[in-house]
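The values are calculated or read from the model by the stated rules, or taken from the named source; none is laboratory data. This is a predicted model, so every value here is computed, not measured. Only protein heavy atoms, including side chains, enter the accessible area calculation; ligands, DNA and RNA are left aside. Shrake-Rupley method; radii C 1.70, N 1.55, O 1.52, S 1.80 Å.
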Amino acid sequence: MNDARLRTLLRQAERSRRLGKTQAAVNLYRDLVNRYPDSAEAWSGLSQVTQHEDERIQALERLAQLAPDMAVGQEEHDKVAPTTVSIQTTESFPSDSEQIESDAKQDAIKVEIPESDTTVSQVFEIEPETIDEGAGTCYVHPSRATYLRCNKCSQPICIQCAVKTPVGYRCKNCVNAQQAVFYDATIRDYVLAIIVGIPLAVLATALTSRIGWLTLIIAPFVGMGVAELIRLVARRRRGRALPIIAASCIVIGALPVLVTNTLMSISSQIIWLLAYIVLAAISAFRHLR
């Protein structure tokens with residue numbers, strides 16, 4: 001018998017009963033007695049929450065077999081109908097969608113139960129709710145309880161930190177590490193990309209700077225051409241910085257012509273040149289992504 005799992009389910013059922021969710025508590029206790037037929041606590045809880053007299057009697061009979069003392073106490077308790085129940089607490093119970101934090105404060109519940117002709121006030125101290133066994137806290141957000149774990153490193157992760165992959169949920173660290181395997185460009189590749197990319201971008205800008213609006217058509221192909229040449233000199237290796245280098249080469253290569261046109265106040269060519277820089281740089285960046 002999995003004692004930890006049993007205790008977890010018993011706490012969940014008792015929590016539902018205290019919150020007034022009677023049907024949910026009944027369903028949980030029924031599931032418990034089916035899974036753990038030798039659990040006296042499960043049969044006792046079912047006898048307290050069920051609305052069916054036959055089921056309650058069956059639960060009490062089974063309880064009498066497993067724990068006679070508990071059954072006698074339950075029968076005596078059933079003879080007395082409570083008239084007033086007042087709850088004094090400084091902390092509200094969380095909703096079903098919230099996780100209960102491990103540092104929850106103790107709640108004092110005062111229950112007035114009539115016994116015979118007199119009323120006796122009894123005060124019971126309820127143990128603080130703790131995180132269920134099997135649950136953990138997100139390694140990024142320690143205040144968030146979670147049952148979800150990365151299927152690679154087994155770190156507890158909340159839904160915000162989980163990344164869905166074809167093989168299941170993983171933490172962001174494992175996803176980044178997996179992606180890093182595909183980026184194998186070296187410093188030499190980056191240097192060669194700059195050495196080749198800037199002169200090519202200067203030449204392309206010089207050839208296309210005087211064709212007016214046609215530059216809007218030519219610019220994307222220029223960006224793709226520069227990016228493809230950079231990919232060749234990098235021996236088709238992938239690198240995180242290569243798209244940025246390609247776009248930067250386009251911008252740097254166009255600066256001499258842009259400065260010259262600005263000094264000569266050729267406003268019409270400046271507009272088309274700026275459009276060329278933007279389109280070519282975006283095209284080069286996307287081509288190497």
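What to note about this one:
- When only alpha carbons are used to place a centre, segment 220-259 and segment 181-204 end up 7 Å from one another.
- Protein-only accessible surface at a 1.4 angstrom probe places the residues T205, T137 in the order T137, T205, largest first.
- Ranking M264, M224 by solvent-accessible area of protein heavy atoms (1.4 Å probe, all protein chains present), from largest to smallest, gives M264, M224.
- Ordered by solvent-accessible area of protein heavy atoms (1.4 Å probe), largest first, the residues W43, W272, W213 come out as W213, W272, W43.
- For S154, solvent-accessible area (1.4 Å; no DNA, RNA or ligand), Å²: 70
- What the pair-distance distribution of segment 145-256 shows, using all Cα-Cα distances binned every 10 Å from zero, is 13, 31, 19, 19, 14, 4, 0 percent.
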